Structure formats: structure tokens, C-alpha cells
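Just below is one structure, and these are the notes that go with it.
Taken together, the values in this text are just the output of simple stated rules run on the coordinates, not laboratory data. As the structure is a computational prediction, the values presented were derived from the model and not from experiment. Positions of Cβ are backbone-derived with ideal geometry, glycine not excepted, and every protein chain shown enters the neighbour counts.
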Amino acid sequence: MSHSRDKSHDEGKKVGVIGMPIKHSKSPVIHNYFIKQLKLNAYYDRYEVKSDAHLDQFVKSVKSDEWVGFNVTIPYKQDVIKYLDEIDDSVAIIGACNTVVVKENRLIGYNTDAEGVYYPLKNKVITNAVVLGNGGASRAVLFQLCAEGIKNICLVARDHSKSNDYVKKINDQYKCDISLKTFEEFNQMSLSDGSLIINTTSIGMSISDEPFNFINKINQSHIFYDLIYNPWKTKMMSIASQNGAQVINGAYMLAHQGALAFNLFFNHDVDTEVMYNLIKEDSHNG
Ligand code: NAP
């Protein structure tokens, strides 16, 4: 396990983010800004966890008064759960945890990604949604859309065998009706006016990724929400924007999950808009 903590931060409580790769994580930028503002005696660092054995070693090492807690990113959001002493309902349902608080040598797990997803949508009227992709982030998105009372949801993915059980669980719990479509089926359909379309696939992260075919059907009545924030504007976001749609990238989700995690770590409310601006500035400088 390696990390970037330098000697000037040896004093104070430890808090951070684990994952692999981790060096591009923007979480230290947003957390350390408020740690400094609020004059808290702590430092938020990146911890590169290279294997399951390292995860085991890391999680056991944090059960001490030195630690406040840690965030979890790819690929450990599921694997970390078996180490936790307590989990909240969102972790139990989604099956993924992105925030762990260390309290009296106990590890308590939360999922702030789900609530984070909804932050930029909270003042919008949404009646139906299309969710592209059925990986980890998609589970948090489906959970939150259903929890917000959106009943009409279409999940578009390549292989539904891995999401069938989860969709059934969410449909039963929230009395939703998530329908399942392949990309081929979805391309044949018309997009209802007013739809929210959320891309939770990794398509768009690489400059060479080709946009999905349906993107040309997007018009000014739609909201196109992509969880990607690096690049800041993907090809699909550009096309949707040119077609007049409202476009949202993943930076607000990142900011709000961070603000919620900060509150769980330090019991201080911090401003999501400030976190968003820090992410935007960092993205445009780096
Ligand atoms: P993941 O578990 O690896 O899921 C990736 C999804 O993309 C899977 O459903 C995968 O389908 C699909 N996919 C990949 N290539 C595809 C293609 N060519 N055609 C159709 N589908 C394809 O990853 P994740 O953790 O859910 O993350 C997904 C995205 O969300 C990433 O871009 C990540 O950066 C972003 N994210 C953002 C935030 C934020 O705070 N803004 C937080 C979490 C994640 P298969 O299973 O069929 O391969």
C-alpha cells in the first residue's frame, strides 16, 4: 500500500480515499480545503490499495483513534463491506459502500454516491428516466431515482443477467417498474419528451469512445446527465448540448457525495457549490 502523505502532515488525524488507481482522485482537493477552512487537525490523503490482501491490511490498520474514516472508490466499493461492523440501509440495498467512518474502533459504512447523484436534479420535475449501463454506479442511480418516487425507468445495458436480481429487489422495495432494454432495442425506440437520460457507462471517458447512436434523438425537452467529469465535456455531452438539451456532468455528484462524507467524518455541513467549484477549477487546471 502506498500513499502520498508527506512529513508536514504527520500531525493530526488521518482521513483519505482508497482505490486503484487513485493518483487522479480529486477528493483530497475538496476535503482538505474545508479541513483548512474549519481549522480541523486532520489531513485527507490518497491511499493506493493494490490488491485484496492490501485492502485487508489497510482496513485492519485504520481501527484506531488516529483515523477519522475513509472514502472508497474503484475497485473496492463492494469488497470493503465484509470488513464493516455496521452499514446503513443504502449500503445494504445497493451493495456498495463509498464512505467508512471509524468510531470507537468500529467501522460504519455509508453510500453517499446515491444521494450525491440526485443533487443536480433536486429542483427539476422528472417523470421518466433512462439509465444507461448496469455497473456499480448504475445501482446507486436506480436506488435513488426509485427512492425519489420516479416510477417510470428504463434500464439499458448489454447484459441484463447481472442486474436482474437487483432490479427485482428495487422494484419490490419501492413499487417501481424498471423495464429492461438492450442498446439495440433502445435504438429502435423513440425518446419520450421530457425524459432524463443518465449515462452511467464508462463510454466517453476515453477520447476515442464513439457516442451511442441514440444521442442524435436527444432534443431540447431532454436532460442528458453523464456521471463522467473527466473529461469535463464528453462527445455525447457536446452533441446533446448542440441539440438543445440540458446537460449535466458528474462533478455535482462528486461534490455532493464529498460534502455528505465530510459531514459524516467531521460533523460539519459544507457547501456543495464550493466543492463543485473546486473540482471545476482543478479539472480546468489539470
Ligand atoms: P463499472 O461498474 O465498471 O460499470 C461500467 C458500465 O459501463 C457497465 O455497465 C458496462 O457494461 C458499461 N459499458 C462499458 N463499455 C460499454 C460499451 N462499449 N457499451 C455499453 N456499455 C458499456 O463502473 P462504475 O463504477 O459503475 O462507473 C461508471 C461511470 O460512472 C464511470 O465513468 C465513472 O467515472 C462514473 N462515476 C462517476 C462518479 C461521480 O462521482 N461523478 C461516481 C462513480 C462513478 P458491461 O458490464 O456490459 O461491460
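Observations on the structure shown:
- Sorted from greatest to least, the principal axis extents spanned by the alpha carbons of segment 1-143 come out as 51, 35, 28 Å.
- DSSP beta bridges in the chain [antiparallel fraction, %, rounded to 5]: 20
- Cα centroid separation - segment 83-132 against segment 179-249, whole Å: 24
- Rounded FRET efficiency, nearest 0.05, which uses the C-beta distance separating Ser192 from Glu148 and R0 of 22 Å: 0.75
- For a straight C-alpha distance cut-off of 13 angstrom, the aspartates and glutamates reachable from Lys217 (same-chain residues fewer than eight places away being disregarded) are Asp193.
- Segment Asp159-Ser208, length gained on full extension (0.36 nm per residue, minus Cα span): 15.4 nm
- Set of aspartates and glutamates near Lys26 by C-alpha distance (under 20 Å), chain-local residues within fewer than 8 positions excluded: Asp6, Asp45, Glu48, Asp113, Glu115, Asp226, Asp269, Asp271, Glu273, Glu281, Asp282
- Under 13 Å, Cβ to Cβ, from Met237 - net charge with Lys/Arg +1 and Asp/Glu -1: 0
- Percentage of interatomic Cα-Cα distances in segment 82-162 larger than 22 Å: 32
- Reach of Lys151 by Cα under 22 Å, taken over lysines that are not fewer than 8 positions away in the same chain: Lys122, Lys124, Lys162, Lys168, Lys169, Lys175, Lys181
- Axis of helix 272-285 versus longest Cα principal axis of the chain: the two differ by about 90°, to the nearest ten degrees.
- Each principal axis of the Cα atoms in the chain has its own extent, and those three values, largest first, are 58, 41, 34 angstrom.
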